[in-house]
Amino acid sequence: MKRACVIGWPVAHSRSPLIHNYWLKTCGIDGAYTKEAVRPEEANAFLTSLAGHGYVGCNVTVPHKEAAFAAADEIDAAARAVGAANTVWLDGDKLCATNTDTYGYMTHLNLSAPGWQARDAPVSVLGAGGAARAIVYGFLEAGVAEICVFNRTRARAEALAAQLGPRVKVHDWETREAGSRDAAVLVNTTSIGLNGVGSLGIDLSGLNQDCVVSDIVYVPLETELLAGAKARGLRTVDGLGMLLHQAVPGFEKWFGVRPKVTDALKALLIADIAGPKAC
Ligand code: ATR
């Protein structure tokens, strides 16, 4: 029986077991996927002795993504672009690492808003953390000519642009509204709106009517940003699809079957996000 897990500190909040155990069950695979609470000082030792712990691979969540990147023997281009890994697997004795956030975001965007690239326009990325890096890299790979990054801490956006190249343009956070008017896609990669806390403070009325508005926050599923965009008749892309699609490559590596993101899986996650219902 093959076993995989998610490591983090803390790890209790992770929804990865819900996704992978659903696929194990529906694909009829004799496997297991569990949570492992691993202290930061133990992350490297855990990752470099995965087989000894009985695992063929794992997902990696906060704060171990950089440790996984450092521990890996082989790192692919996506993980290199982000400087962090969220998925590792064993190839013989070798520990291989990738970052599947780029795949997850771009796959969900392409499926949910086909033609988003029809108008040759820049995209606007709010935030410059790890998720922003993965998404900017995805837009670069998709051939977008200009990616505008708006971040509260400008130096972080500058570091991102310096690494990912001249098609990434850095803008002051205060200019996010005016600077996004022509955008083909506006994506929030910050934690603003998570659990309904905070507001991006953007008036969406100036956006191009073709703009696709996207949020990586998925709790709540319909953030203030997405609700505002829907009210204006704009196409929206939620954050849950990124979470679901980013899980696909890891499952395939560990268990040898490429799983499907279905409406039933999405419904399972939505029910979990909504929490236990009152009697
Ligand atoms: P992740 O790896 O999930 O992207 P992160 O690296 O902690 O998370 O990045 C969080 C992002 O949200 C950052 O861009 C952060 O801006 P700073 O670089 O200025 O910290 C942004 N962010 C979080 N809270 C914010 C707020 N209240 N206003 C503006 N930006 C915020």
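Read-outs throughout are calculated quantities, based only on the coordinates presented, and are distinct from any laboratory measurement. All of these numbers come straight from a predicted model, not from anything done at the bench. In this analysis, Cβ positions are derived from the backbone assuming ideal geometry, glycine residues included, and neighbour counts consider all displayed protein chains.
Between the alpha-carbon centers of segment 103-134 and segment 154-199, tell me the distance in whole angstrom.
That distance is 12 Å.
With a 10 Å cut-off between alpha carbons and a GNM built on the chain, which of Ala142, Ala78, Ala184 moves the most?
Most flexible of the set in this elastic network: Ala142.
Could you give the Stokes-Einstein D for segment 143-278 in µm² per second, using the C-alpha Kirkwood radius, 10 °C, 1.306 mPa s?
Numbers: Rh = 16.8 Å.
In µm²/s, the coefficient is 95.
Provide the per-residue ³J(HN,Hα) series for segment 166-180, in order, calculated from phi with Karplus coefficients 6.51, -1.76, 1.60 and θ = phi - 60°, each as a whole number of Hz, with x at glycine and proline positions.
After applying 6.51 cos²θ - 1.76 cosθ + 1.60, I find x, 6, 8, 10, 9, 10, 5, 3, 5, 9, 4, 6, 5, x, 10 Hz.
At Cys27 and Glu41, where each label point lies 7 Å from the Cα along Cα→Cβ, what is the point-to-point distance in nanometres?
3.7
For the pairs Lys35/Lys266; Lys2/Lys94; Lys65/Lys94; Lys35/Lys169; Lys169/Lys253, note any where the Cα-Cα span goes beyond 29 Å. Working shown, then result.
On the way: Lys35/Lys266 21 Å; Lys2/Lys94 17 Å; Lys65/Lys94 18 Å; Lys35/Lys169 39 Å; Lys169/Lys253 35 Å.
Going by Cα-Cα distance, Lys35/Lys169; Lys169/Lys253 fall outside the 29 Å limit.
For segment 175-253, what value does the Rg/Rh ratio take when both radii are computed over Cα atoms and Rh is the Kirkwood radius, given to two decimals?
Details: Rg = 13.4 Å, Rh = 13.1 Å.
Rounded to two decimals, Rg over Rh is 1.02.
Rounded to two decimal places and with Rh computed the Kirkwood way over Cα pairs, what is Rg over Rh for the chain? Before the final figure, lay out the partial values.
Numbers: Rg = 18.8 Å, Rh = 19.4 Å.
That ratio equals 0.97.
Can you list the HN-Hα couplings for segment 114-121, worked out from phi with the Karplus curve (6.51, -1.76, 1.60; θ = phi - 60°), rounded to whole Hz and with x for Gly and Pro?
With coefficients 6.51, -1.76 and 1.60, one gets x, x, 4, 9, 4, 8, 6, 9 Hz.
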